[in-house]
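Asker: One structure is given below, represented as structure tokens, and several questions about it will come after.
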Amino acid sequence: MELGQKIKCEADRTAGFGKAIAAMPGCERLGSCIQCGACSGACPLSIYMDQSPRQVIALVRGDFKKQALSCNTIWLCSSCYACTVQCPREIGITDIMYALKQCAMSERAYPAGLSIPILARQFVRMVVRRGRITETRLVMRFFLQTNWKAAISSWRLGLNLIRTRRFGIRQQHIKQHLELAAMLAQAKNANAGGSP
Amino acid sequence: MSNDESIRTGFYVCHCGHNISDVVDCTAVARYASTLAGVMVSRDYKYMCSSPGQELIRQDILEHKLNRVVVASCSPLLHEHTFRNAVAAGGLNPFLFQMVNIREHDAWVHADRAAATAKAQALVSAAIRRVALHKPLQATRAPIHPDVLVVGGGIAGIHAALTLANAGKKVYLVERQPSIGGHMAQFDKTFPTLDCAACILTPKMSAVRSHKNIVLWTYSEVAKVDGYVGNYTVTVRRKARYVDENLCVGCQECIDACVFKVPKFPDPFNLGMSMQKPIYIPFPQAVPQAAVIDPDRCIQLKTGKCKKTCVEACADRKAINLNQKEQLLEIKVGSIITATGFKLFDAKRLPEYGYGRYPDVMTTIELERLVSSSGPTGGELRLRSGKPPTAVGFILCVGSRDMRTNRWCSRTCCMHSMKLAQIVRERTGAQVTVFYIDIRAPGKGYEEFYDRSLQQGVQFVRGRVAEVSDCALSPDEAGKLVIRVEDTLAGFVRRVPLDLVVLAVGMEPQADAQEMRRILNMSCSAEGWFLEKHPKMAPVSTFTDGVFIAGCCQGPKDIPDSIAQAGAAAAEALALIDAGGIDQEPNTAYIRGEECSGCKSCISLCPYAAISFDAEKQKAVINPALCKGCGTCVASCPSGSIGQNLFEDQEVFEEINGVLDYV
Amino acid sequence: MRYHYFPGCSLKGLGRAYDESLRPVMERLGVELAEIDDWNCCGATAYMSTDHCNACALGARNIAIAESSGPGDIVAPCNACYLALNKTRNCLAGDSATRAAVQKALAVAKLTYTGTAAVRHPLEVLVYDVGINVIKRNVVRPLKDLKIAPYYGCQLVRPHCSFDDQWNPTAMDRILTALGARVVDFPLKTRCCGGSLTGTAPEAGLRLTHIILGEAQRRGADLIATICPLCQFNLDSYHDQIARRWGPARIPAVYITQLMGMAFGLPTEQLGLKRNFLPADKLLAAT
């Protein structure tokens, strides 16, 4: 059996990380957590998470940035808000998960091999370019980049979509997509530096 | 400002340790005050309220022939009395003194040292100019009525009433329910000693009934309170019981004879888990042991068409009086103890726990009745299906420590649940799990009780339960209630199948606490609990002199704490009564006779009925013994012919000028 | 009754049956839906995971276009759109820094956000603006003998639903009762369907879908009624994979508007019922 140290030292912490997350929209009450675990209990996906939502809050508050950004928890969060509405301290846990996702995206700090952030990235790219999402194209692109075998094994789904006339291959787009892209670029600049 | 050359003022500014001096430059304030007209001595000192501080004032009065004193320190509520005494010790009239509050009004609410110091100086300037106009006054002494009213007949009210009665005072004990006993009467056992609740409560309830100094009015409510400390007039509404409690012996023959052969109305004492008739005795140990008739359910009282078999059964005793009417009784008391208790959190407000949806989800108080030998099942714990439970879970902090409902800790639920957990384990052998956020067992013998629970095999899982459902995901969950919770110490989420879920519901202020607060002119905390005068130094007094609080109406607490508080409230009332009288602030209003036009407008405005009309002289007259110095008549008099001691127009104007001068 | 209509990308794609059935049903009830001109994607959860300010700008553009085209509330039938647009409104109302940045971005497109148009779900419009009685009056083919599990999904009622209960919403129950159907007591009404995890992390996502299907089946439902295109897609599209992993739970999921259309006697072919993978045979047979 291999032994590994689990102890964490000051060098493992990123000073100011917790405060920076708490300063992001909807995350103000982060500091009030009493570690009761209601969030983890309420979360329908916590059974697959390597850190429970409660533990993520503890990691963020303790400035353990690396651990908080590299866990699969924030990516398994499906934004169902079950935790947020059950939190006895009224902490915006879902918003904290969003803040951590934004942080992990901008620093590309998400765990390797996790495909969920890749979908988010492709989603954003399609919106910026076209203004709308064409679901079948998005999904195909996603599978091609992450797991082309899965794309092939989903042939039955594809056939069914064709059968029910929902396999839209033509890219949807808005008329003012250039204007929208300019708008988003403008908003992005305003947001620069906001990420911890 | 008065040009009177003879004004010789002494000024003192207190550091109050670091409380004031950290924010206000006290030396600078003293230096500033020394430049003001009439100031002969100006000093700063660490603790003015200490003996050396007071001695300083006395010495200076003698040495510098001072005839006015100003102290800038804390709130007059705390130490005005102290400094007035010090002034009197120096041979001056104690009202030739003015106090400035630079702690609560300045140091504690500001951070900027320069600005706070400037504010202190402005307030000091105002006081020094005002005090020059002060006149010598005499405090009057008002008598105290020796009788006491205790509102609420739970354990706190019972204990307070007995303590006062044993000290020889006459006590009126008013209780809303048909019997005294409160929540404690519903309990099976009490922690941490596990002694039978009824065995320790019933003797006290009987003692109340038989005590010659206690007038017990159950089924009654306080409707109105007038007057002031030492002299309250209270109106009590006695609801119609339809049974004369002095004639009824509690033989229950009327109940047996009732035309309703089978009890069919939910019994509130057993929380609807058993039934009662329209005529009933609330519970076996009820005091008074007398029947009550529910007018909404009695056929005779509702329709006038009943055979009145109850009256027949009572026969010659003639205790039943179906013509009884509600009564309003007026009593005089000198002090009031409020012990109106709490209400339990309504578990339906947290739908995730399934209360009201799943029959085997119940509250701690319901379980308490189910395990009580006088309860609906005679103490046998059964599920709604009739089977005994094999796996029982307690969910703590239901309606406590939760910002969505009540943010406070209800303090008793941890211990209460552990007690019930032990009882359930002893009686049924069921597996018992307590789901908690933090175990709070800080009382004497409480930690040991926690240990005893652990020793008995009660399981403890640290985690706030997220949901109770009947959705089974595996065969072992079928037909069970499944709890979903993170075991925060083990670090993973668990699904726990149970067949009985007990919700440890927290405590809330009574639904009508605000009304009670208005009747007694008390204050409430933001949460709705009655507010004590000082959280540490005056825990059972209120901001209304002569009104005291005890038990859970002040905040959640257990039986030992409620009784301790009740004893303290009784002692405070005794101290008040046995002092023989109270000094009254001479801040009374007076009529400048020659100017009064006799318009009578002040008479109806006076909230204390202190003003009458002298028909012969055609002028208003103020009775200083009744005047509380509220100033309403002074401000409203159209001819400006009412003055008020300590608040003369000139004094107030000088105070304003003092501030404006500084600015 | 006139509303700005924000269909969202799904209602033009995989969830087009929702759009197809919503339009004639609303028309029958006298509700006019004016599609917002050149609307863009709401941003959903993916955008919020990437950039807060941009996510708000996306929502704000749609609201601003609607506001500039006349008075009226916005109707967003997709739960994700409903939440994203409402989240935008809340952020812009409470966070002045984001609001300023978003206004600046909108200025690029000569738009201004005022926050006057509320964002509402068709369920709210149906129950509170149209009224249950009007719905009842339009029923010509009651859905008798159909046992239906009402499934609301998560993002309608959480985190800030203004018109229904967070834990036990009842708007759809009331509509189903009005249609003559039997409403199954369904405790998983607002549990997450798995969202996009059914595609990105099937092991986890499909398990959630399976729990909902299984529980509806255990409680004897013939059908699941949905109000969100992603919920409907997840509940309808993965029966083969679910059966492989946990055993079959074959119960059809349809949109509430399809059920209303059937009860109102609208032509079946107008309601997009043929787009289901698992056909709602009992519904078609019952009416």
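The values are calculated or read from the model by the stated rules, or taken from the named source; none is laboratory data. The shown structure was predicted, so the numbers you read here are calculated from the model rather than taken from an experiment. All Cβ positions, even for glycine, are placed from backbone atoms using ideal geometry, and neighbour counts span all protein chains on display. Accessible surface areas use protein heavy atoms only, side chains included; no ligands, DNA or RNA. Shrake-Rupley method; radii C 1.70, N 1.55, O 1.52, S 1.80 Å.
Asker: Give a residue-ordered list of calculated ³J(HN,Hα) values for the range A:173-181 (Karplus: 6.51 cos²θ - 1.76 cosθ + 1.60, θ = phi - 60°; whole Hz; x for Gly, Pro).
Answerer: 8, 9, 5, 9, 5, 5, 4, 4, 4
Asker: For all pairs of alpha-carbon atoms in the range C:208-287, what percent lies in each bin of width 5 Å, listed from the first bin to the last filled one?
Answerer: The calculated distribution, bin by bin, is 3, 16, 28, 25, 16, 8, 4, 1.
Asker: Scan around residue B:170 for amide H atoms under 5 Å from its own, H built in the peptide plane at 1.01 Å from N, and keep only partners 5 or more places away or cross-chain.
Answerer: Sorted by chain and number, the residues that satisfy this are B:148.
Asker: Same structure again: Taking a quarter of the surface of the Cα convex hull of the range B:253-317, what do you get in nm²? All intermediate terms of the calculation are to be shown ahead of the outcome.
Answerer: Details: hull surface 18.3 nm².
The Cα convex hull of the range B:253-317, projected and averaged over all directions, gives 4.6 nm².
Asker: Oh, and also: If packing is taken as the average count of other Cβ atoms within 10 Å, what order do B:286-295, A:5-14 fall into, highest mean first? Don't jump to the answer; show the numbers that get you there.
Answerer: Working: B:286-295: 22.4, A:5-14: 9.3.
Descending mean neighbour count gives B:286-295, A:5-14.
Asker: Any idea what log10 I(q)/I(0) is at q = 0.14, 0.15 Å⁻¹ for the range C:1-94, Debye with uniform C-alpha scatterers and no solvent?
Answerer: Treating every Cα as an identical point scatterer, log10 I(q)/I(0) equals -0.49, -0.56.
Asker: Using Cα-Cα distances under 8 Å and only pairs 6 or more residues apart, what relative contact order does the range B:344-508 have, in percent?
Answerer: Details: 333 pairs, mean separation 49.7, N = 165.
Worked out over the range B:344-508, it gives 30 percent.
Asker: About its Cα centre, what dipole magnitude does the range A:116-190 give when the only charges are +1 on Lys and Arg Cβ and -1 on Asp and Glu Cβ, stated in debye to the nearest 20?
Answerer: On the way: 15 positive and 2 negative charges, 49 e Å.
Charge dipole, the range A:116-190, about its Cα centre: 240 debye, nearest 20.
Asker: Right, another one. Kindly express, to the nearest 10 degrees and within the range 0 to 90, the angle between helix B:155-166's C-alpha long axis and the longest C-alpha principal axis of chain B.
Answerer: Tilt relative to chain B: about 60 degrees.
Asker: Could you tell me what fraction of 2.2 N^0.38 Å the Cα radius of gyration of the range C:111-270 comes to, as a two-decimal ratio? Intermediate values should be presented prior to the final figure.
Answerer: Numbers: Rg = 16.4 Å, N = 160, 2.2 N^0.38 = 15.1 Å.
The range C:111-270 yields a ratio of 1.08.
Asker: Per residue, how much accessible area does the protein assembly as shown have with a 1.4 Å probe, in Å²?
Answerer: Numbers: 47370 Å² over 1146 residues.
Each residue of the protein assembly as shown exposes 41 Å² on average to a 1.4 Å probe.
Asker: Toward the positive end of the charge dipole of the protein assembly as shown, about the Cα centre and with charges on Cβ (Lys, Arg +1; Asp, Glu -1), which of C:254, B:187, B:154 goes farthest?
Answerer: C:254
Asker: Normalise the Debye intensity by I(0) for the range A:116-190, one equal point scatterer per Cα, no solvent, then take log10 at q = 0.22, 0.24, 0.26 Å⁻¹ and round to two decimals.
Answerer: With one equal scatterer per Cα and no solvent, log10 I(q)/I(0) is -1.00, -1.09, -1.18.
Asker: Could I ask something else about it? Tally Lys/Arg at +1 and Asp/Glu at -1 over every other residue whose Cβ is under 14 Å from the Cβ of residue C:112; what's the total?
Answerer: Working: positive: C:61, C:99, C:104, C:110; negative: C:67.
Around residue C:112, the surrounding residues sum to +3.
Asker: Threshold 10 Å², probe 1.4 Å: give the residues of the range C:49-70, in number order, that are less accessible with all protein chains present than with their chain alone.
Answerer: Residues losing area: C:49, C:50, C:51, C:52, C:53, C:54, C:57, C:58, C:61.
Asker: At what distance in angstrom do the alpha carbon centres of the range A:52-90 and the range B:378-392 lie from each other?
Answerer: 39 Å
Asker: Cβ under 15 Å from residue B:637's Cβ, residue B:637 left aside: what net charge do those residues give with Lys, Arg +1 and Asp, Glu -1? Before the final figure, lay out each step's value.
Answerer: Working: positive: B:592, B:600, B:619; negative: B:594, B:595, B:648, B:649.
So the surrounding residues net to -1.
Asker: Relative contact order for chain B: what percent, with Cα pairs under 8 Å and sequence separation of 6 or more?
Answerer: On the way: 1396 pairs, mean separation 87.8, N = 663.
Here the relative contact order equals 13 percent.
Asker: If you don't mind, there's one more thing I want to ask. Give the whole-number value, in cubic angstrom per residue, of the convex hull volume spanned by the C-alpha atoms of chain C.
Answerer: On the way: hull volume 33.0 nm³, N = 287.
Roughly 115 Å³ of hull volume per residue.
Asker: Report, by chain and number, residues whose modeled amide H sits under 5 Å from the one on residue B:460, excluding near sequence neighbours (fewer than 5 apart, same chain).
Answerer: B:434
Asker: Summarise the partner chain shielding of C:154-162 as one whole number: the mean count of Cβ atoms from other chains within 10 Å of each residue's Cβ. All intermediate terms of the calculation are to be shown ahead of the outcome.
Answerer: On the way: counts 7, 4, 0, 2, 9, 12, 3, 1, 0.
The mean count of partner-chain Cβ atoms within 10 Å per residue comes to 4.
Asker: Going by the alpha-carbon gyration tensor, a ≥ b ≥ c the square roots of its eigenvalues, is the range C:40-149 rounded (a/c under 1.5) or, if a/c is not under 1.5, prolate (a/b greater than b/c) versus oblate?
Answerer: Working: a/c = 3.30, a/b = 2.10, b/c = 1.57.
Prolate shape, in that a/c is at least 1.5 and a/b is the bigger ratio.
Asker: What quantity of accessible surface, computed with a 1.4 Å probe and excluding non-protein components, is buried in total between chains C and B, in Å² to the nearest 100? Kindly include the intermediate steps, with their values, before the conclusion.
Answerer: Numbers: alone 12320 and 29730 Å², together 41210 Å².
For C against B, buried area totals roughly 800 Å².
Asker: Oh, and also: Taking a Cβ-Cβ separation under 4.7 Å as the criterion for a possible partner, which cysteines of chain A have none?
Answerer: Here A:9, A:27, A:33, A:36, A:43, A:71, A:77, A:87, A:103 come out as lacking a disulfide-compatible partner, given the Cβ-Cβ threshold of under 4.7 Å.
Asker: Determine the alpha carbon to alpha carbon distance for each of B:348/C:87; B:239/B:348; B:277/B:308; A:188/C:87; B:264/B:348 and list only those over 22 Å.
Answerer: Working: B:348/C:87 29 Å; B:239/B:348 31 Å; B:277/B:308 14 Å; A:188/C:87 18 Å; B:264/B:348 24 Å.
B:348/C:87; B:239/B:348; B:264/B:348, as the Cα separations exceed 22 Å there.
Asker: Moving on. Put simply, what bits of the range B:469-518 lose 20 Å² or more of accessible area when the other protein chains are there, versus the chain on its own (1.4 Å probe)?
Answerer: Output list: B:470, B:471, B:472, B:473, B:484, B:486, B:488, B:491, B:493.
Asker: Can I ask one more? Projecting each Cα onto the charge dipole of the range A:116-190 (Lys/Arg +1, Asp/Glu -1 at the beta carbon, about the Cα centre), which of A:158, A:182, A:122 comes out farthest on the positive side?
Answerer: Comparing the listed Cα positions along the dipole, A:158 ranks first.
Asker: I'd like the mean, over residues of A:157-170, of how many other protein chain beta carbons sit within 10 Å of each residue's own Cβ.
Answerer: Values: counts 6, 0, 0, 7, 6, 0, 3, 11, 5, 10, 2, 4, 0, 0.
That average works out to 4.
Asker: Same structure, new question: Mind grabbing the interface size between C and A? I mean buried accessible area, both sides, 1.4 Å probe, in Å² to the nearest hundred.
Answerer: On the way: alone 12320 and 12910 Å², together 19960 Å².
Approximately 5300 Å², summed over both chains.
Asker: From the backbone phi of the range B:293-306, what are the Karplus-calculated ³J(HN,Hα) couplings (6.51 cos²θ - 1.76 cosθ + 1.60, θ = phi - 60°) in whole Hz, Gly and Pro given as x?
Answerer: Residue by residue, the range B:293-306 yields 10, 7, x, 7, 10, 6, 5, 4, 6, 7, 10, x, 10, 9 Hz.
Asker: Something else now. Mind giving me the FRET efficiency for residue B:63 and residue B:137? R0 is 25 Å, r the Cβ-Cβ distance, nearest 0.05 is fine.
Answerer: Details: r = 25 Å, r/R0 = 1.00.
With a Förster radius of 25 Å, E is 0.50.
Asker: Still on this structure: Which whole-Hz couplings ³J(HN,Hα) result when phi for each residue of the range C:151-161 is put into the Karplus expression 6.51 cos²θ - 1.76 cosθ + 1.60, θ = phi - 60°, listed in order with x for Gly and Pro?
Answerer: 10, 8, x, 8, 7, 6, 8, 10, x, 10, 8
Asker: At a 1.4 Å probe radius, carbon and sulfur cover how many percent of the accessible area of the protein assembly as shown?
Answerer: Details: 24660 of 47370 Å².
Whole-percent figure for carbon plus sulfur exposure: 52.
Asker: Can you order the peptides B:326-335, B:428-437, B:377-386, B:87-96 by their average number of other Cβ atoms within 10 Å per residue, highest first? Don't skip to the answer; put the middle values down first.
Answerer: Values: B:326-335: 16.7, B:428-437: 21.0, B:377-386: 12.6, B:87-96: 18.6.
Answer by packing, highest mean first, reads B:428-437, B:87-96, B:326-335, B:377-386.
Asker: Please compute the length gained on full extension between residue B:330 and residue B:81, using 0.36 nm multiplied by the number of residues separating them and subtracting their Cα-Cα distance.
Answerer: Working: separation 249, 0.36 × 249 = 89.64 nm, distance 3.45 nm.
Extra length available between residue B:330 and residue B:81 comes to 86.2 nm.
Asker: Another question, then. In what order, largest first, do A:78, B:73 sit by accessible area if the probe radius is 1.4 Å? Write out the running numbers ahead of the final one.
Answerer: Working: A:78 25, B:73 5 Å².
Highest to lowest solvent-accessible surface, that is A:78, B:73.
Asker: Take the Cα coordinates of chain B, assign each an equal point scatterer, and use the Debye formula without solvent to give log10 I(q)/I(0) at q = 0.06 Å⁻¹.
Answerer: -0.49
Asker: I'd like the orientation of helix B:197-210 relative to chain B: the angle between its Cα long axis and the longest Cα principal axis, in ° from 0 to 90, rounded to 10.
Answerer: 60 degrees
Asker: Right, here's the next one. From Cα pairs below 8 angstrom and at least 6 apart in sequence, can you work out the relative contact order of the range B:206-348, rounded to a whole percent?
Answerer: 32 percent
Asker: OK, next. Could you give P(r) for the range B:18-129, binned at 5 Å from zero, as whole percent values over all Cα-Cα pairs?
Answerer: 2, 13, 24, 26, 21, 10, 4, 1
Asker: With a 1.4 Å probe, how much accessible area is buried between chains B and A, both sides summed, in Å² to the nearest hundred? Could you put the intermediate results ahead of the total?
Answerer: Working: alone 29730 and 12910 Å², together 41110 Å².
Separately minus together, B and A give about 1500 Å² buried.
Asker: List every DSSP H helix in chain C whose Cα atoms extend 30 Å or more along the helix's own long axis and whose mean Kyte-Doolittle hydropathy is at least -1.0. Mind showing how you got there, number by number?
Answerer: Details: long enough: none.
Going by DSSP H runs, there are no hits.
Asker: If you don't mind, there's one more thing I want to ask. Regarding chain A, what whole-number volume in Å³ per residue does the convex hull of its Cα atoms give?
Answerer: Values: hull volume 33.1 nm³, N = 196.
In chain A, the Cα hull volume divided by residue count equals 169 Å³.
Asker: Continuing with the same structure: Could you state, as a whole-number percent, how many of the C-alpha pairs of the protein assembly as shown are farther apart than 61 Å? Please list the in-between numbers first.
Answerer: Values: 193573 of 656085 pairs.
Summing the P(r) tail past 61 Å for the protein assembly as shown gives 30 percent.
Asker: Along the charge dipole of the range C:2-120, pointing to its positive end and built from +1/-1 on Cβ of Lys, Arg, Asp and Glu, which listed residue (C:85, C:50, C:68) has its Cα farthest out?
Answerer: About the Cα centre, the residue reaching furthest to the positive side is C:50.
Asker: Considering lysine pairs in the range C:138-286 that are 8 or more places apart or on different chains, how many have Cα atoms under 21 Å apart?
Answerer: On the way: C:144/C:282; C:147/C:189; C:147/C:274; C:147/C:282; C:274/C:282.
Lysine pairs, 8 or more places apart or on different chains, close enough: 5.
Asker: Nearest 10 degrees, 0 to 90: what angle lies between the long axis of helix B:113-131 and the longest principal axis of chain B (Cα atoms)?
Answerer: 70 degrees
Asker: Now for a different question. Which whole number gives the average count of other chain Cβ atoms within 10 Å of the Cβ atoms across peptide A:88-94? The partial results should precede the final answer.
Answerer: Details: counts 10, 5, 4, 1, 1, 1, 5.
For peptide A:88-94, the averaged partner shielding equals 4.
Asker: If you take every residue apart from residue B:341 with its C-beta less than 12 Å away from the C-beta of residue B:341, what net charge results, scoring Lys and Arg +1 and Asp and Glu -1?
Answerer: On the way: positive: B:176, B:343, B:557; negative: B:175, B:508, B:512.
In short, 0.
Asker: Run the numbers on the range A:21-42: which residues show a drop of 50 Å² or more in accessible area, chain on its own versus all protein chains together, using a 1.4 Å probe over heavy atoms?
Answerer: Relative to the lone chain, where solvent access is computed with a 1.4 Å probe, the range A:21-42 loses at least 50 Å² at A:25, A:34, A:36, A:41.
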